[in-house]
Amino acid sequence: MKIVLASRNPKKIGELQTLLAQTLPNVEVLSLDDVGLFGEIEETGETFEENALIKARAAASSGYIGVGDDSGLSVDALGGEPGVYSARFAQIKTGTGAHDDAANNRVLLSLLEGVPEEKRGASFVSAVACVFPDGRSFTVRGEVKGRILTEYRGNSGFGYDPLFYYEPYSKTLAEVTPAEKNAISHRGRAIRAFAERLKAEAGKEFAKK
Ligand code: IMP
């Protein structure tokens, strides 16, 4: 079975292939480039699920099963922001060209200045959508709860990881190994849920034939 991930990033393709291998050893993950889809996909959704579906639909226009994902940070004290704007948070809040992890983290810290520890709760969220060639679709969601620190800790990971403290590890997600992060992360959880669901759906599909 071939599926197309709405990405051109070889690392993301390889990551999904590896994670799916345990549940679905016969799945081959293709990129948008592999199936000749070269256009940009506009992420115009207001939720992670909507954006994941937009990407999955674009990938499914190849004729194969399409998969899309969208993730970000949701901070309680900010009413769920930065949410679907996580990658562009600094740009949106400051109106400048800044578009990088360091700028995003600075903006996050400044918006949370003076907010006490017990009110600094946050979640990383990841939605994965799957669209079948006949138009049927499903979405799954993975989440991990944590707290936004007042100072950076750790050098691994990316994005908001150095500020995201995960209580059960007593560490930020920038202080853990990739395997430790994957075991509890929003993305790890969403991809595992996706693999289980795809296995069930693909089983039904083959039973029909
Ligand atoms: P994407 O949808 O996976 O590209 O993620 C969008 C943005 O959310 C990233 O640019 C990061 O700012 C943030 N983000 C998503 N996942 C993580 C994570 O695991 N750690 C830190 N930041 C993340």
Q: Can you grab the distance from the C-alpha centre of segment 40-72 to the C-alpha centre of segment 75-104, Å, no decimals?
A: 21
Q.
With n ≥ 4 as the cut-off for DSSP H runs, can you work out [θ] at 222 nm for the chain, using -39500 (n - 2.57) per run divided by the number of residues, rounded to the nearest 500?
A. -10500 deg cm²/dmol
Q.
Given Cα positions, please report Rg to Rh for segment 73-186, the hydrodynamic radius being the Kirkwood one.
A. 1.01
**Q.** In order through segment 44-52: 3J(HN,Hα) via Karplus (6.51 cos²θ - 1.76 cosθ + 1.60), integer Hz, x for Gly, Pro
**A.** 9, x, 9, 10, 4, 5, 4, 5, 4
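Could the peptides 125-138, 146-159 be put in order, highest first, of the mean number of other beta-carbon atoms found within 10 Å of their residues?
Per-residue mean Cβ counts within 10 Å order the peptides as 125-138, 146-159.
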Q. Each label point is 7 Å from the Cα along the Cα-to-Cβ direction; what then is the distance between the points at SER123 and VAL35, in nm?
A. 3.0
Q. In vacuo Debye scattering of segment 8-130, one point per C-alpha: log10 I(q)/I(0) at q = 0.14, 0.16, 0.22 Å⁻¹?
A. -0.73, -0.88, -1.24
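Report the relative contact order of segment 2-208, percent, no decimals, based on alpha-carbon pairs under 8 angstrom and at least 6 residues apart.
RCO, segment 2-208: 18 percent.
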**Q.** Residues PHE158 and LYS199, FRET efficiency given R0 of 25 Å [Cβ-Cβ distance, rounded to 0.05]
**A.** 0.30
Q.
I want to check the label-to-label distance for MET1 and ALA179. Put each point 7 Å from Cα in the C-beta direction and report it in nm to one decimal.
A. 2.8
**Q.** the chain - Kirkwood radius from inverse mean 1/r over Cα pairs (Å)
**A.** 17.9
Q | Exposure proxy ranking, count of Cβ atoms within 10 Å, fewest first, for SER123, SER185 | A | SER123, SER185
Q: Could you sort out which of LYS2/LYS204; LYS12/LYS181; LYS11/LYS199; LYS11/LYS181 sit more than 19 Å apart by Cα distance in this structure?
A: LYS11/LYS199
Q: Looking at the chain, send over the antiparallel percent of its DSSP beta bridges, to the nearest 5.
A: 80
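Taken together, the values in this text are just the output of simple stated rules run on the coordinates, not laboratory data. Fair warning: this is a prediction, and the values are worked out from it, not measured in the lab. All Cβ positions, glycine included, derive from the backbone under ideal geometry; neighbour counts span all protein chains shown.
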